[in-house]
1. If the viscosity is 1.567 mPa s and the temperature 4 °C, what Stokes-Einstein diffusion coefficient in µm²/s follows for the chain when Rh is the Kirkwood radius over Cα pairs?
2. Accessible area, 1.4 Å probe, largest first: how do TYR482, TYR190 sort?
3. Any idea of HIS59's accessible area? Nearest 10 Å², probe 1.4 Å.
4. Take peptides 205-216, 295-306, 173-184, 457-468 and line them up by average Cβ neighbours within 10 Å, highest first, as a rough protection proxy.
5. Taking the stretch 285-397, how much of its Cα-Cα pair set, in percent, is spaced more than 22 angstrom apart?
6. Starting from the Kirkwood Rh over alpha-carbon pairs, what translational D in µm² s⁻¹ does the stretch 73-205 have by Stokes-Einstein at 25 °C and 0.890 mPa s?
7. Grab the DSSP H runs of the chain that are 4 residues or longer, score each as -39,500 (n - 2.57), total them, divide by all residues and round the 222 nm result to the nearest 500 deg cm²/dmol.
8. Using θ = phi - 60° and the Karplus form 6.51 cos²θ - 1.76 cosθ + 1.60, what ³J(HN,Hα) does each residue of the stretch 306-318 get, whole Hz, x for Gly and Pro?
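The values are calculated or read from the model by the stated rules, or taken from the named source; none is laboratory data. Keep in mind the model is a prediction, meaning the values are calculated, not measured. Positions of Cβ are backbone-derived with ideal geometry, glycine not excepted, and every protein chain shown enters the neighbour counts. The protein model used for the area step is the full one, side chains on, heavy atoms only, and it has no ligands, DNA or RNA in it. Shrake-Rupley method; radii C 1.70, N 1.55, O 1.52, S 1.80 Å.
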Amino acid sequence: MAQNNKVLTLETLNPGVKEMEYAVRGPIVARAGAIESEIKQGQKKPFSQVVKANIGDCHATGQKPITFIRQVQALVTCPDVLMASSDFPDDAKQRAKRILEGCKGQSIGSYTDSAGLLVIREDIASYIKERDGYPSDPSDIVLSTGASDGIKSIMTLLLTGENGPGKAGIMIPVPQYPLYSAAICEFRAYPICYYLKEEENWSLDVSELERAIGESKPHCKPRAICVINPGNPTGQVLTKENIQNIIRFAHKHKLFIMADEVYQHNIYAKGSEFFSFKKVMMEMGAPYNTMELASFMSASKGFMGECGCRGGYAEVINLDPDVKAMYLKSISAKLCPPVTGQVVMDVIVNPPKKGEPSYEQFCKEKTAVLDQLKEKAQLVTKVFNSIKGITCNEVQGAMYAFPNIQLPPKAVAAAKAANQSPDAFYCFALLEATGICTVPGSGFKEKPGTYHFRTTILPPVEELKAVLGQFEAFHKEFLAKYK
């Protein structure tokens with residue numbers, strides 16, 4: 001055998017990279033891609049196309065871009081040609097002009113400040129103030145390459161640089177979005193898993209938080225708590241009381257709060273309402289209103305779904321001034337986030353106002369997207385709960401359902417023989433039989449002994465009805481096979 005002279009081998013590779021997993025783009029998605037290639041090559045399948053319900057990629061499933069967002073993007077990209085065009089409304093031109101005036105050389109091809117364009121951070125601060133009723137400082141806003149980049153930047157600050165019991169512990173919900181477990185693994189930190197109560201619509205119980213942090217202390221130094229609201233993959237919306245209890249817990253244990261609020265526009269269930277962590281903290285007053293908090297927002301979700309633009313921001317409040325300087329230094333190494341993504345964020349927080357030319361069309365398009373998502377949330381909840389052996393909490397918000405599947409012992413044994421988790425075994429069988437690509441619940445972590453899968457609610461209504469019909473037929477055949 002030839003000698004391996006490579007610097008990097010599987011033996012010498014960073015162990016954090018080897019261990020990290022990212023389920024929404026994992027093995028089942030790779031197989032879905034292979035099946036698509038097989039179909040193109042003429043191989044016969046029981047279906048004509050793969051339905052990628054594994055990831056919240058809105059436009060990929062047929063959602064149309066919001067016209068005003070794309071108009072402003074086009075104008076800032078090609079102003080010399082388009083500013084003179086009568087095809088673009090004045091309010092779009094005004095926003096594009098303001099953004100370009102904030103750019104060096106009046107071009108989005110120039111670098112911005114590492115934290116992002118000041119004019120956009122000012123607009124974000126105004127949006128937050130209007131949303132919460134409390135002031136927001138543009139200097140506390142940091143734009144990022146999607147929310148994911150902002151989350152990892154904050155997590156980097158929390159690392160201790162130590163191993164063993166001295167390493168940083170980050171509290172994450174289970175089920176959780178795999179970014180968190182992947183980043184914690186990559187950074188060689190310690191995941192402190194707290195379980196959401198599935199039997200109570202994925203609510204959060206303080207006694208469970210106390211259990212999780214108490215059991216973690218011999219293994220790490222707890223530093224932060226991550227909360228996803230509305231939930232991914234679970235689709236729940238936290239009540240104000242739940243948020244207050246989390247804040248009190250974080251204060252008691254001196255934890256930094258990381259609030260993932262990227263689905264704040266996606267609220268569907270009657271009686272559900274989005275409350276930002278910042279708003280609740282400020283309402284609670286001293287001593288809670290001086291706690292360290294980073295809240296994250298994205299251009300990829302909501303009603304806009306501009307995933308490929310990679311726009312996001314973090315509002316980071318109450319940092320020690322010296323730490324804030326270090327934070328800004330750390331992000332400066334990345335120069336700046338994509339300016340096109342920054343532009344999308346600006347339009348999201350500074351949409352057309354009443355009386356402006358684009359207002360009615362913008363409202364019509366935004367309402368249409370959110371109304372359809374609400375209809376689809378109700379549809380998937382109803383259909384999954386009508387199928388024997390499946391239960392699904394109401395999809396109150398976000399873009400996903402996370403059904404619980406009761407698998408027969410014979411199926412669990414078959415999964416073990418195939419060296420797969422039972423829900424991965426189920427999801428692979430679903431993909432091969434129907435072309436429906438979902439993500440096993442084990443990829444999001446789940447309570448031991450329970451099995452789930454995550455599916456998006458994004459396909460168009462008629463297509464979603466057909467997909468759910470295919471799913472129901474598959475599930476009945478699967479149960480019969482492993483009865």
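1. Details: Rh = 23.9 Å.
After rounding, the answer is 54 µm²/s.
2. Details: TYR482 30, TYR190 65 Å².
These residues rank, largest area first, as TYR190, TYR482.
3. Roll a 1.4 Å probe over it and HIS59 shows about 50 Å².
4. Numbers: 205-216: 15.6, 295-306: 25.7, 173-184: 23.1, 457-468: 17.4.
With the highest mean Cβ count within 10 Å placed first, the list reads 295-306, 173-184, 457-468, 205-216.
5. The answer is 59 percent, as a whole percent.
6. Working: Rh = 18.5 Å.
So the translational diffusion coefficient is about 133 µm²/s.
7. On the way: 17 runs with 210 residues, N = 483.
The helix-only estimate for the chain comes to -13500 deg cm²/dmol at 222 nm.
8. Whole-Hz 3J(HN,Hα) from phi for the stretch 306-318: 7, 4, x, 6, 6, x, x, 8, 10, 9, 10, 10, 6.
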